[in-house]
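Data block below; observations after.
Since every read-out is calculated from the coordinates, none of them should be taken as a lab result. For clarity, every value in this text was computed on a predicted model and none was experimentally measured. When we count neighbours, we look across all protein chains shown, and the Cβ atoms used for this are built from the backbone with ideal geometry, even at glycine.
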């Protein structure tokens, strides 16, 4: 098997694993909505 073909096969396998991992994350991980609160100092509100 030529070296270039081995290299391209290796890249395809790695790309498939990364893509499969991303699909698994999208499918199985559900984000939990929550309220965001950020404290702003009063000195920044007044000019």
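For the chain, the longest principal axis of the Cα atoms and the long axis of helix 3-28 meet at an angle of about 40 degrees. Taking the number of Cβ atoms within 10 Å of each Cβ as an exposure proxy, the fewest-first ranking of 40, 14 is 40, 14.
Full extension of the chain between residue 40 and residue 26 yields a length gain of 1.7 nm, computed as 0.36 nm times the residue separation minus the alpha carbon distance.
Using just its DSSP H runs of length 4 or more, each adding -39500 (n - 2.57), the chain gives a mean residue ellipticity at 222 nm of -21000 deg cm²/dmol after division by all residues.
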